[in-house]
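Engineer: Okay, handing you the structure first.
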Amino acid sequence: MTTIPGLIQQDAIEVVPDAVKLLQSAYNEVKQLLNSIEDSESAMNDVLLKHSLTSHNACNAVQLGLLYSSLCEPAFAAKAFKFLLLTTKDNLNLAVTEISRLLGEYWAKLLDTPRRQLLWLFHELVKSNTINAEHVLHHLLRRMTGGDLSPLNLWLVETVLDILSQHRHNWLDKKAVVPVVVYSYLRIIADHAAPVSHGLQGALERLRKREIDFVLPLLRDNFTDCLSIGRDLLRLLQDLAKLPEFERLWSEILHSPTSLSPKFTGVSQLLAQPPSPVCITSRLTHDMEQRIKWYLKFVHMGSHKRYLDWLTRKYLNTPESQSLRVDWIRFVVTQVHPSNETIASEVVQRWAFISWLILSCTSPTVVCNMKLALYYDWLMFDPAQHNLMNIEPGVLVIQNNLARSHQQHLAIGMLDFLCRLADNYYPALAGDLRRRLRLCLLSAVERKVVHSLAHIFDLAKMDKQMHGLLRHTFADLVPAQAPQAAAAASARLPDPASAVVGGLQPTPIYDSAIIVSAASSGVSSSGVSSSGGIARQTSTPPASSTSGGGHHHESLSRSATPPPKPPTPPAPPAPSAAPASVQPDVSMEPSAAAAAATFVGSGGGRGRRRSESAEFSDAEMSDAENGAGGGAGGTVGGASGAFFDLRRDFQRLKLRCHYQVDRVDIESYLQQLDPVMRDRLMQLRDESDTEAQCEIMYQVVQGIIEEEDIDLDFSRRIATCLCEICHSQLEDPIFPGESADASSLEDSVSTPIFVICRTLCQYSEDDPKRQPLYLLLSEMAARHPRIGYYLLYFLKVDRAQSQDDKFVAYKEFCKSQENPDLRTCLFKDLNLLAQDDPRLLAYLLPDVFRNFASQCQNNPHLMRIIVSSIDCSQLQTMVADIMQGHLELFRKDNLVTLLRDSLSWESVEQLFLWQLLNAQDLPTERFLPLLPHLDSGRHAEATTNLLLMLKLEQPSFDLVCAVLWREPQLTDPLCPSILHFWSEQKLDRLAEILNNCLMSPGGGTAASAHGGRGGGSSRQSPPPLEQSLRHLDIMRQRLRNLSLLQHELMQEALREVVRAAPAELRYTFIDLLALAADDLDDEQAGGRTRSLRAVPSRKAAAAARGHPSSGASSGGGSGGGGPQKRSSSGATRSSGGGSSGSGASGSGGAGGGRGDNSSTSSSSSSDDDGAASGGGSGAGGSSGGAGIANRRRQRAKKRLRHGGTSVNSSDSGLSNSDIFTTDYQ
């Protein structure tokens, strides 16, 4: 056989890729054609051409074989490429496709010789002016990685440069190629111009000079075509303006643009030109692009850190590779536009990935370039033409980092950078740039990227200098009356050395050297040109993408920032409540986000807004993972409520919402109340003793009840004052813990806020005095979201009420709200409770499910809220409550809807759900409708739990039929596993049921002679016969124990299939039916032999394998002691008829070894031949037993092929290749 030269580096255990196998197979075919002829080019060409004309596949094989030879045999490469040109029918399209595949997928694994030959092939393609050579060039340019000074990358850059320079005339006419080549080499020149170690300095200078000599004339001569690169051309040239060779070009761009092209009007034109997606993507290798897209689509908040560490080790582990971060940001901003579903999910968002890139960078110059790359599209943003998704990450980087105390320096630095960028980047357009920046923020608010700009311009977190910059740049968007500046220590930006995030030192906030002036062309201290500002933007989307079909956030809330509060009027008719803003600390469940996105309020601007912004910080995630792993530094911080145990740190990776209700100055509201009520509220505010506060609160409540003319405005004023006075009580945890006694629980509700609840419950259900209190609680709930579950907690703890009607107060409270739906209010409160305190949720659930069973039981949305928030401790509490009869989570009816919805949940959520299902001890029959919907690959959690549940059941007709109704798949472990387990425990019963399934009319065979046996009165109908047989055949292939298939009842059913089933079905399951077909032959032979039916099931299986315990290996003493066998013609003869011997170690029968293993051609021999040819030992008898089983099955297959009749191999017309060979052992 031809020795195949290697193509890729491969370990011994690695599987050869299919693409490489195809090339190697084609190479073998070509070599066999060429080896048979003399070494003559004309003869070789004639043979290859003649063979390629025989068929399309043959032509492809010749092309691929010659390509493989060109790559792996340098000595034959020239001839192979010549033959390739002569035999191609598609202008080398197939060869170019395979070369592109090798570049995209296997470049890193190619051996040195194929890698060199691949560049030689590209040289020949360009030289011959092949039509599709530009595709190969594009893949080669993507392989020229930015920030990579390795010898391999430098060799690739120089080799491609040589090829393009040598054959410039062959590709310059391809207008789409020139911009990509210019963009790629401008980016690479910037890397080669950066300071490096002395060992590389000389080589890089020579290479850089060659690159500049190549790309600079190319850019000048084709400047009009290069304008399609867009604003990123200006950004790259800005980095190179410091080089003497580019100074003149940079000056012409700024001052005499028409000298470069009559169509070029200046910097403003280039800034307004969107960048080319092809150019942006060309700076990332194929694997970089795929991994970044995968990371931003599938990696969830909380599990992101290990992927970021991997990306750092793989691509960003050298000082020079830091510049690659700029390319990544440009790619993410302009080319990765997630759908609204992705934005609403738990996956890592673009702003978070960009924040990590900036915070983990160690080069101040690169940090400045990254900021410019992020906000480049802001400079000329037009909502009517450009995509809002290019703006979204920049807005969210500021807002979400400003909300994190340890990352505020990043957000403030971004704002500072934007302010200075507008004025100094290109002074001639300063006014227009400021207008565009304001337009970006207004568009973000209009399209609901953020709710308002209040948290972006949170002046309390900035110093006075920053206030002036913001007002100068954004003017009317900045609040007119800023709150008092924070203390100098908090307002001052943190020292980079003290703000380490994730083990990486953050860089300075901004570097003004990136801001350049059009009036000068000097070089700043950071090494960046200061002679003209540059900006960047993303591709212009189709018109439809900005008018309804794109990712607009129209229905998606991305922030929790409330609008700025207007000055309080002297006497407002009805005070407007301060909306509650939410700052999620880590991430949000999709279901939780949907439930929480509720707007409550109407009229007077009243409303409470719930955020759906998913935030994380690298520091918090790092701490969480270190804590979970038992390492040092796993500290907890930043979230409301305690994180209860470090061994449950995975809980911190779920959402922990901290509701930050804006504080309100209540003086103006107090002045609008009557003197008595005003004095009581002021006393309540000034009092510090809890008992005294409760007494005053009781007086306030009584005053509200006694108010004769109570109206909505009065209730709103009182509610606003009480929420502000009791703010600290509403923010602190209230639940003392699962182990708290009755006294501790009573103390927990002995605060002023619960006085309202206690007073409410003192009145009867029909008492009209309850109505003012319901109105008050409703108005308070509109201002503070925790009021609802505080009332639930009080009703649970309070022992003064009867158990029958104690939760009627909560139902009436829900009716008094603007959305009076009980289910909506209940789920909203439980969702917030799950995020605030899962322990309290587990404590309240028994009473909630008992009193609101119709709203809660079997509800997928509520169940996911529960399982996504609890940990193992709360799970244990709930399981105990279920087993004690205190908690009933599920109803027996309509259970499948919940189970089907749960298949898309996280693994831990599904496992918790199944633990709760098992605790309630629901009938297994309720789970059977789920079986057809389970995919063992995608639904492993449900499949595993259902398998364990079936294991506890005895086999019944309904259960077995439900299992058999699953789609048969060889990779599905459920059906063969449970059938095997039942066969080990209840073999006779299972065989009886399967017999009934196979022989019943519903199963597809003739009517069963055993009609009602095995549960025929069951409601479950058996599946089609073919499906049942397929399950049994899979079981035969996967399992070694065939005792079930060898059972008498199963043999009977399989023989019935052989008799009654169509020939096509018999042929499909020929291996399975062969297990019973030889017994059918026994019956046709007159019963002269003992069939497997007469052997107990376990012994029959051993007999089929030739096991010594079956008697096949024992001499057995007399001539009839050994098992019997038949010749191919159907006659029987003894295989163990020795005259003496005892047990397994006795002398074997005469035909024990040789006779059993003889070929079928010996079938014409007499019956006595086998007995006369003995001498075999016990071991020989064992081998003979296996031979018997195999030969009998082969004969059975032949007979099944001929319609179920017994045939002789001598006249069957079948060759050995026609026989199905399968290992039955």
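Engineer: Residues that are hydrophobic (A, V, I, L, M, F, W, C) and surrounded by fewer than 16 Cβ atoms within 10 Å (Cβ to Cβ): does segment 95-112 have at least one?
Structural biologist: Yes: one or more hits.
Engineer: Could you check segment 1052-1075 and list, in sequence order, the residues that are surrounded by 23 or more Cβ atoms within 10 Å (Cβ to Cβ) and modelled with pLDDT of 85 or more?
Structural biologist: ALA1053, LEU1054, VAL1057
Engineer: Something else now. Would you be able to say whether some residue in segment 234-255 is more than 30 Å from GLN166 (Cα to Cα) and not hydroxyl-bearing (Ser, Thr, Tyr)?
Structural biologist: yes
Engineer: In segment 8-51, which residues are out of contact with any Phe, Trp or Tyr (no Cβ under 7 Å at 6 or more places or on another chain), in contact (Cβ under 8 Å) with a residue 40 or more places away in the chain and outside any helix (DSSP H, G or I)?
Structural biologist: Hits for segment 8-51 are GLN9, GLN10, PRO17.
Engineer: Please work out if ALA782 is aliphatic (A, V, I, L, M) and within 21 Å of PRO846 (Cα to Cα).
Structural biologist: No.
Engineer: A further question on this structure: What residue, of ARG313, ARG330, is out of contact with any strand residue (DSSP E or B) (no Cβ under 8 Å at 6 or more places or on another chain), more than 17 Å from PHE417 (Cα to Cα) and touching a residue at least 12 places away in the same chain (Cβ under 8 Å)?
Structural biologist: ARG330
Engineer: Name the residues in segment 241-262 that are in contact with a helix residue (DSSP H, G or I) (Cβ under 6 Å, 6 or more places away or on another chain), within 14 Å of ARG220 (Cβ to Cβ) and outside any helix (DSSP H, G or I), would you?
Structural biologist: LEU260, SER261 - these are the residues of segment 241-262 that are in contact with a helix residue (DSSP H, G or I) (Cβ under 6 Å, 6 or more places away or on another chain), within 14 Å of ARG220 (Cβ to Cβ) and outside any helix (DSSP H, G or I).
Engineer: Among the numbered criteria (1) more than 17 Å from PHE122 (Cα to Cα); (2) within 43 Å of the chain's Cα centre (by Cα); (3) surrounded by fewer than 17 Cβ atoms within 10 Å (Cβ to Cβ), which single criterion is violated by ASN91?
Structural biologist: (1)
Engineer: List pairs: first in segment 278-306 and more than 15 Å from LEU103 (Cα to Cα), second of a type in the set (Lys, Arg), Cβ under 6 Å, 6+ apart or cross-chain?
Structural biologist: Matching pairs, first to second residue: ILE280/ARG330.
Engineer: Moving to a separate point now. Six or more apart or on different chains, Cβ atoms under 8 Å: show the pairs whose first residue is in segment 468-488 and farther than 14 Å from ALA454 by Cα and not assigned by TED's automatic domain parsing to the domain that holds CYS419 and whose second is part of a loop (DSSP other than H, G, I, E, B) and modelled with pLDDT of 85 or more.
Structural biologist: Note: no pairs meet the criteria.
Engineer: Would a scan of segment 186-203 turn up a residue that is in a helix (DSSP H, G or I), polar (S, T, N, Q), touching a Lys or Arg at 6+ places or on another chain (Cβ under 8 Å) and surrounded by fewer than 19 Cβ atoms within 10 Å (Cβ to Cβ)?
Structural biologist: no
Engineer: Among the residues of segment 299-311, is any closer than 28 Å to LEU149 by Cβ, in the same structural domain as LEU388 (by TED's automatic domain parsing) and either among the polar types (S, T, N, Q) or not in a helix (DSSP H, G or I) (or both)?
Structural biologist: No, that holds for no residue.
Engineer: Considering only segment 688-697, I want to know if a residue exists there that is modelled with pLDDT under 85, assigned to a helix (DSSP H, G or I) and not acidic (Asp, Glu).
Structural biologist: No, segment 688-697 has no match at all.
Engineer: Test each condition in (1) over 39 Å from the mean Cα position of the chain (by Cα); (2) of a type outside the set (S, T, N, Q); (3) over 23 Å from SER52 (Cα atoms) for VAL160 and report the one that comes out false.
Structural biologist: (1)
Engineer: Still on this structure, I have one more. Among the residues of segment 728-765, how many are out of contact with any Ser or Thr (no Cβ under 8 Å at 6 or more places or on another chain), part of a loop (DSSP other than H, G, I, E, B) and buried (at least 16 other Cβ atoms within 10 Å of the Cβ)?
Structural biologist: So the answer is 1.
Engineer: Which condition number in (1) free of Cβ contacts under 8 Å to residues at least 60 places away in the same chain; (2) more than 19 Å from SER904 (Cα to Cα) is the one that ASN859 fails?
Structural biologist: (2)
Engineer: Assess whether ARG1013 counts as being of a type in the set (Lys, Arg) and modelled with pLDDT of 85 or more.
Structural biologist: Against the criterion (of a type in the set (Lys, Arg) and modelled with pLDDT of 85 or more), ARG1013 does not qualify.
Engineer: Can you pull out the residues in segment 690-706 that are surrounded by 15 or more Cβ atoms within 10 Å (Cβ to Cβ) and either under 15 Å from GLN672 (Cα atoms) or of a type in the set (Val, Ile, Thr) (or both)?
Structural biologist: ILE696, VAL700, VAL701, ILE704, ILE705
Engineer: For segment 173-193, give me the residue count where each residue is within 22 Å of LEU234 (Cα to Cα) and at pLDDT below 85.
Structural biologist: 1
Engineer: I'd like to check something: does segment 414-422 contain any residue that is surrounded by 15 or more Cβ atoms within 10 Å (Cβ to Cβ), modelled with pLDDT under 85, acidic (Asp, Glu) and under 29 Å from GLN349 (Cα atoms)?
Structural biologist: no
The values are calculated or read from the model by the stated rules, or taken from the named source; none is laboratory data. Note that the coordinates shown come from a computational prediction; the quantities given were computed from them, not determined experimentally. Positions of Cβ are generated from backbone atoms using ideal geometry, with glycine treated the same way; all protein chains shown enter the neighbour counts.
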